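First comes the structure, then the notes that go with it.
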Amino acid sequence: MGFMPYRSPLLDLPGPIAAPDGHPEEGVPWHWGDPFAEQRTAARGAVVIDRSHREILAVTGEERLSWLHLVISQHVTGLAEGTGTEALVLDSQGRVDTHMVVAHADGTVWLDSDRGAVATSALPSGGKQTLRDYLEAMKFWSKVDIRDVSDELALLTVLGPDADRVLDAVGVSVGSDPYSVVAIPGGFARRMPWPGRHSVDLAVPRADLAGWWRRLTDAGARPAGSWTFDALRVESLRPRLGVDTDERTIPHEVNWVDSAAHVAKGCYRGQETVAKVHNVGRPPRYMALLHLDGSPEITPETGDPVVLGERTVGRVGSVVQHHELGPIALALVKRSTQPGAELLVGAEDRVVQATIDPDSVPGEAPAPGREAAQRLRG
């Protein structure tokens, strides 16, 4: 798919509403007529979400693990068949270039990332290159092969406490551990620890995307859009590259250390920053969950400032309407910003008041957003 515009064939089915032009989820269904009902079903039943705009690389060859270990941020030399993880590509200063989710099955390491994933070029020009081009440039004499299989595989995500029942009905059984991976005809299935507590990604043959969609919905999964995925992702404090990150973001600021960046292994670009910040000090910013004032019918946009008094203390990332929490957002804010601070979020005619969810502040007792929703309902 590369950088060409993408349009899912599922948008030709009856019912889906496409995301607005320029939206990060452009090209796949944004919702299927009732986004709040879709979110409620994801929390209580099962939904299936079209994420076929993701790009997928396949890495094969006898040195696939030892070579990948040298060029990505995660420790993967011992990544067993049937398991997965998350990983990053960083620039030389330890800033995030690309986030990817990893699956190892059938002698292949699959890397899926957001559409248009790039890596900072090591060339003196300091330009950008695609993730595949970067990996090819780092291959040298290693016995590996890298293919872009985005035109061959498409990603669907099944969410909700009834997800396993739906998957069983279509003949897919994946282990209960996070990042468990199993090969399926023409692709793979991978259990994810987010968004929500019950989530399985299916990489299926792109030519049979509509067929898989029909089988999953016939088995009881409700069609849901990317709005539902984003609502649960934001609730789970999981960032999206390029939306919740900027050109200065380091992994520690957005909860990608441990899940996607190994602090002890060396030999990857940006490792010195990762280790230094982890061992010596705290990052300059942290990612917070903001509860937005929902009384005005306006919301801030990605990139808008977060203001405390006369000072700009952060930037807005993902903004979404949640079926329980109301309008919420992720924001990168300065480390000194406290949960009780009275913030103004937005720009021009879309400024609203906001508060930081205390459970999203590093060092506080962690609790998922759904527990915050329980408090609001109580």
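The values are calculated or read from the model by the stated rules, or taken from the named source; none is laboratory data. These numbers come from a predicted model, not from an experiment. Quick reminder, even Gly has a Cβ in these numbers, built from the backbone with ideal geometry, and neighbours come from all protein chains shown. Note: areas computed on protein heavy atoms with side chains; ligands, DNA, RNA excluded. Shrake-Rupley method; radii C 1.70, N 1.55, O 1.52, S 1.80 Å.
Observations on the structure shown:
- Within the assembled protein chains, the solvent-accessible surface assigned to S295 is about 90 Å², based on a 1.4 Å probe.
- For the chain, size of Cβ-based charge dipole, Lys and Arg +1, Asp and Glu -1, in debye: 660 debye
- Taking all protein chains as they are arranged and a probe of 1.4 Å, the heavy atoms of R238 leave approximately 60 Å² accessible to solvent.
- Set of aspartates and glutamates near K276 by C-alpha distance (under 14 Å), chain-local residues within fewer than 8 positions excluded: E253
- Using just its DSSP H runs of length 4 or more, each adding -39500 (n - 2.57), the chain gives a mean residue ellipticity at 222 nm of -5000 deg cm²/dmol after division by all residues.
- In straight-distance terms, cross-link reach from K128 covers every one of the aspartates and glutamates whose alpha-carbon lies under 12 Å from its own, apart from those fewer than eight places away in the same chain; here that gives D91, D97.
- Surrounding net charge for E62, when Lys and Arg each add one and Asp and Glu each subtract one, Cβ distance under 15 Å: -1
- Over the chain, accessible surface divided per residue gives 43 Å², non-protein components excluded, 1.4 Å probe.
- Distance between modelled label sites at E342 and T217, nm, 7 Å Cα→Cβ extension: 4.9 nm
- Take 324-332, 91-99, 226-234 and order them by the average number of nearby Cβ atoms within 10 Å per residue, most first; the result is 226-234, 324-332, 91-99.
- Percentage relative contact order, region 231-293, counting C-alpha pairs under 8 Å, at least six apart: 37 percent
- Förster-model FRET efficiency, 41 Å R0, A210 and E63, C-beta, rounded to 0.05: 0.65
- Extension gain, V280 back to D34 (0.36 nm per residue minus Cα-Cα distance, nm): 83.8 nm
- Computed from label points 7 Å out along Cα-Cβ, the spacing between I17 and A80 is 4.6 nm.
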